[in-house]
Amino acid sequence: MVKKAKKTATKKKAVRREYTKADVKELRAHSKAKTPVAKIAELTKRSEGSLRQKAIKLGIRLGHQR
């Protein structure tokens, strides 16, 4: 009888990327244009939480309701 090895779920470690000056400029432009956070996250390939935290640190508003 051959025993099968159990496969354990491995969690991917998040790769952190620094915000460049261009990233910050883009984030400010999206804030001014009142782009939804979900759309910004999709375009920049960053999480909504990351974008919101950066916006708080920069003192800008995101996630405008229309």
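Only the coordinates and a few stated rules stand behind these numbers; no lab work does. A quick note: this is a predicted structure, and the numbers were derived from the prediction, not measured. Positions of Cβ are backbone-derived with ideal geometry, glycine not excepted, and every protein chain shown enters the neighbour counts.
Quick notes
- Cβ-based exposure ranking for Glu42, Glu48, in which fewest neighbours within 10 Å come first: Glu42, Glu48
- The mean sequence distance of close C-alpha pairs (under 8 Å, at least 6 residues apart), as a share of the length of the chain, puts its relative contact order at 32 percent.
- Average silhouette area of the chain, convex hull of alpha-carbon atoms, in square nanometres: 6.8 nm²
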